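Engineer: Sharing a structure with you now.
The values are calculated or read from the model by the stated rules, or taken from the named source; none is laboratory data. Remember, predicted model here, so these are calculated numbers, not experimental data. Heads up, the Cβs are rebuilt from the backbone with ideal geometry, glycines too, and the neighbour counts pull from every protein chain shown.
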Amino acid sequence: MNRNSLILSIATAAAMLFSGCQQDEVMDNTPNIRPLSVQEQSTVESSNDFAFRAFASLSEEERADNVFISPLSISMALGMTYNGADGATKEAMRKTLGFELSSDEDINKSFKSLWDLLKGADKKVMFTAANSLWHSKDFKLQAPFIETNKTYFDATVQGLDFASPAAKDQMNNWVKSKTNGKIEKIVEEVRREHVLFLINAIYFKGTWTYPFDKKLTKPGAFRKEDGTTITHDFMTMKNGKYLYFQDQSKQVIDLPYGNQQYSMTLVMPKGDKQVQDVVQELNAANLNSWLSGADTSQLELHMPKFKLEYGKELKDLLKQLGMEVAFSPQADFSRMLEGQAGLAISEVKHKTFVEVNEEGTEAAAATSVGMVLTSLPPSIRVDRPFVFLIREKSSNAILFIGKLMQPE
């Protein structure tokens with residue numbers, strides 16, 4: 001095969017489900033957290049920076065549409081790929097993904113320890129991550145590439161007959177099992193020139209700390225940015241606690257779930273502002289400032305329940321962010337295959353699923369006290385498009401980021 005005929009495919013799948021059915025109901029409310037190491041903090045900052053840059057670009061491209069991505073899932077899949085890169089390709093990937101650590105070993109170690117922390121941070125939240133490398137049996141992966149991804153990413157490595165239709169099915173079945181059936185297919189086809197698929201799958205399952213009352217869910221008006229309204233089911237939380245911040249241009253609502261180590265943060269524009277105005281303000285410093293300035297609120301909260309499935313080919317986005325060489329004939333992935341240097345990335349496919357509903361656990365045994373501004377309305381209604389993030393609080397890691405332009 002010539003240099004241009006060998007290609008890599010990267011796939012990331014992420015599912016998030018709020019559900020009242022926990023597999024392991026644990027009554028211990030003690031957070032399982034520890035201070036981040038310098039390396040872990042650097043990985044979180046680089047991943048979050050990538051999250052804001054990627055989301056801003058996709059939001060601009062798809063102004064009127066729902067968007068929902070998992071930057072950690074993308075970073076994980078590309079982190080495995082990075083271990084096979086060299087030269088200018090490796091440097092381009094480092095810059096695009098925001099890696100600041102001095103050595104590859106530090107980068108890999110920080111990924112491993114951070115994911116271990118995230119998976120165990122909250123005993124009432126299920127958070128799992130799985131990685132896999134699927135290569136054509138006609139090619140052999142280099143031993144250091146295999147060992148690095150096994151050691152730090154716990155990657156499953158398997159050779160397949162890429163000429164068989166069963167190869168695609170086997171990879172998709174793996175993704176389906178790792179996302180609890182929420183994402184059924186990520187590999188659309190296996191072409192003759194494919195040699196390797198690198199796949200990450202994550203699954204998140206949590207329950208609201210303060211549940212919404214199903215009996216109070218009823219239709220209401222959701223105001224779209226084009227001036228029209230649609231009727232959609234709104235949930236109501238009467239006796240909950242959450243963080244609330246507002247200024248002249250936005251409202252910020254931070255809703256906890258589980259033992260309050262994870263939260264959903266909603267940022268909704270006010271007045272004549274639109275979602276894209278919020279997106280332009282969204283960065284680590286501003287988000288920290290808004291949340292630091294938030295007070296604990298017990299005001300009645302109304303928000304739409306929704307289910308969202310999103311899929312995106314990320315090649316153009318990653319090129320735009322600086323990784324163009326990785327997709328070109330000049331790509332250098334010489335640390336992947338034995339006896340073959342002519343590799344390039346052909347596609348980076350990303351799929352996500354989220355379902356937000358009323359269900360939740362009993363309130364955690366934690367009390368927070370804050371002042372509520374007297375100028376606040378008697379209730380808060382999330383009835384227009386908004387940005388939302390899923391975060392782990394001790395690390396500040398952003399697991400998911402999206403915008404809801406129209407609930408479905």
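Engineer: Output yes when any residue across the range 378-400 is surrounded by fewer than 16 Cβ atoms within 10 Å (Cβ to Cβ), at pLDDT below 90 and not assigned by TED's automatic domain parsing to the domain that holds Trp134, and no when none is.
Structural biologist: Going through the range 378-400, the residues surrounded by fewer than 16 Cβ atoms within 10 Å (Cβ to Cβ) turn out to be 378-379.
If we keep only those that are at pLDDT below 90 too, we end up with 378-379.
Subsequent filtering for residues that are not assigned by TED's automatic domain parsing to the domain that holds Trp134 retains 378-379.
Looking for residues that are surrounded by fewer than 16 Cβ atoms within 10 Å (Cβ to Cβ), at pLDDT below 90 and not assigned by TED's automatic domain parsing to the domain that holds Trp134, one finds at least one in the range 378-400, hence yes.
Engineer: Same structure again: What are the residues in the range 331-351 that are among the polar types (S, T, N, Q) and either in contact with a Pro (Cβ under 7 Å, 6 or more places away or on another chain) or modelled with pLDDT under 90 (or both), if any?
Structural biologist: Start the filter on the range 331-351 by keeping residues that are among the polar types (S, T, N, Q), which leaves 334, 340, 346.
The answer is Gln340, Ser346.
Engineer: Return the only residue of Met323, Met264 being part of a strand (DSSP E or B), surrounded by 19 or more Cβ atoms within 10 Å (Cβ to Cβ), touching a residue at least 24 places away in the same chain (Cβ under 8 Å) and at negative phi.
Structural biologist: Result: Met264 is the single residue among Met323, Met264 that is part of a strand (DSSP E or B), surrounded by 19 or more Cβ atoms within 10 Å (Cβ to Cβ), touching a residue at least 24 places away in the same chain (Cβ under 8 Å) and at negative phi.
Engineer: Given the structure, is Lys123 in contact (Cβ under 8 Å) with a residue 40 or more places away in the chain, part of a loop (DSSP other than H, G, I, E, B), surrounded by fewer than 20 Cβ atoms within 10 Å (Cβ to Cβ) and among the basic types (Lys, Arg)?
Structural biologist: yes
Engineer: For the range 234-258, name all the residues that are crowded, with 21+ Cβ neighbours inside 10 Å and at pLDDT below 90.
Structural biologist: Tyr257, Gly258
Engineer: Give the residue that is surrounded by the most Cβ atoms within 10 Å (Cβ to Cβ), with candidates limited to residues of the range 126-172 that are among the basic types (Lys, Arg) and free of Cβ contacts under 8 Å to residues at least 60 places away in the same chain.
Structural biologist: Lys168
Engineer: So Trp290 ticks every box in (1) over 20 Å from the mean Cα position of the chain (by Cα); (2) of a type in the set (A, V, I, L, M, F, W, C); (3) farther than 29 Å from Lys205 by Cβ; (4) in a helix (DSSP H, G or I) but one. Which box is left unticked?
Structural biologist: Only one criterion is unmet by Trp290, namely (3).
Engineer: What strands (runs of 3 or more DSSP E), lying completely within the range 160-260, carry at least 3 residues that are touching a helix residue (DSSP H, G or I) at 6+ places or on another chain (Cβ under 7 Å) and not assigned by TED's automatic domain parsing to the domain that holds Lys351?
Structural biologist: Passing ranges, in order: 250-257.
Engineer: For the range 282-305, state whether one or more residues are free of Cβ contacts under 8 Å to residues at least 60 places away in the same chain, in contact with a Ser or Thr (Cβ under 8 Å, 6 or more places away or on another chain) and surrounded by fewer than 18 Cβ atoms within 10 Å (Cβ to Cβ).
Structural biologist: For the range 282-305, residues free of Cβ contacts under 8 Å to residues at least 60 places away in the same chain, in contact with a Ser or Thr (Cβ under 8 Å, 6 or more places away or on another chain) and surrounded by fewer than 18 Cβ atoms within 10 Å (Cβ to Cβ): present.
Engineer: Sort out which residues of the range 173-183 are in contact (Cβ under 8 Å) with a residue 12 or more places away in the chain and more than 14 Å from Ala14 (Cβ to Cβ), and write them in order of number. Break it down stepwise before answering.
Structural biologist: Within the range 173-183, the subset in contact (Cβ under 8 Å) with a residue 12 or more places away in the chain is 174-175, 178-180, 182-183.
Once the filter is applied, which keeps residues that are in contact (Cβ under 8 Å) with a residue 12 or more places away in the chain and more than 14 Å from Ala14 (Cβ to Cβ), the range 173-183 yields only Trp174.
Engineer: Could you go through the range 19-32 and let me know if any residue there is modelled with pLDDT under 90, under 20 Å from the mean Cα position of the chain (by Cα) and either among the hydroxyl-bearing types (Ser, Thr, Tyr) or assigned by TED's automatic domain parsing to the domain that holds Glu281 (or both).
Structural biologist: Among the residues of the range 19-32, at least one is modelled with pLDDT under 90, under 20 Å from the mean Cα position of the chain (by Cα) and either among the hydroxyl-bearing types (Ser, Thr, Tyr) or assigned by TED's automatic domain parsing to the domain that holds Glu281 (or both), which makes the answer yes.
Engineer: Determine whether Met323 is of a type outside the set (Phe, Trp, Tyr) and at pLDDT 90 or above.
Structural biologist: When the stated conditions are applied, Met323 passes them.
Engineer: Given the conditions (1) out of contact with any Leu (no Cβ under 6 Å at 6 or more places or on another chain); (2) surrounded by 13 or more Cβ atoms within 10 Å (Cβ to Cβ); (3) over 30 Å from Lys273 (Cα atoms), which single one is not true for Arg191?
Structural biologist: (2)
Engineer: Which residues, counting only those in the range 188-215, are among the β-branched types (Val, Ile, Thr) and either closer than 20 Å to Leu308 by Cα or touching a His at 6+ places or on another chain (Cβ under 6 Å) (or both)?
Structural biologist: Result: Ile202, Thr207.
Engineer: Please tell me if Lys185 is among the basic types (Lys, Arg) and within 23 Å of Lys119 (Cα to Cα).
Structural biologist: Details: among the basic types (Lys, Arg): yes; within 23 Å of Lys119 (Cα to Cα): no.
No: the conditions fail for Lys185.
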